[in-house]
Ligand code: HEC
């Protein structure tokens, strides 16, 4: 009884563990691509500056820490039905944090 369940466990780890292990560290290039493709244009329009980066660096920004950032990314994703996968959301959050907010 013990051995088959161990084998099943191991095959599950191999099946599902391998594809996700690449995402243990955020993929910043993927995050940048998502920002450019899905986020930049709307932010450029909404701020009226014609620059989609400025929403992240505006002085009256809503994001003060990493938790705020995560929830804003989640809010934009959910409200706008951008349908990002959780790992894409994590990548774009990591990219914005490193590029603009510089949270530690
Ligand atoms: C259809 C328009 C639209 C799209 C697409 C969009 N956003 Fe936003 N986003 C907004 C608006 C509007 C605000 C300002 C909300 C406010 O001030 O309450 C905002 C604010 C933000 C902020 C907070 C900025 C700050 O420092 O105050 C973050 C972070 C953010 N968006 C992330 C994203 C990410 C990541 C994506 C793409 C995956 C995205 N948004 C796509 C409209 C959009």
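None of the figures in this text is laboratory data; all of them are computed from the coordinates on show. Bear in mind that the values here come from a model prediction, so they are computed numbers and not experimental data. Methodologically, a virtual Cβ is constructed for each residue, glycine included, from the backbone with ideal geometry; neighbour enumeration extends over all protein chains shown.
Could you state the orientation-averaged shadow area of the convex hull built on the Cα atoms of the range 31-84, in nm² to one decimal?
Convex hull of Cα atoms, orientation-averaged projection: 3.7 nm².
The distance between label points at residue 60 and residue 104 comes to 3.0 nm (points 7 Å beyond Cα on the Cα→Cβ vector). With coordinates expressed along the principal axes, the C-alpha atoms belonging to the range 59-104 extend over 27, 20, 14 Å, beginning with the largest.
Using C-alpha pairs under 8 Å with a sequence gap of at least 6, the mean separation divided by the residue count of the range 43-98 gives a relative contact order of 22 percent.
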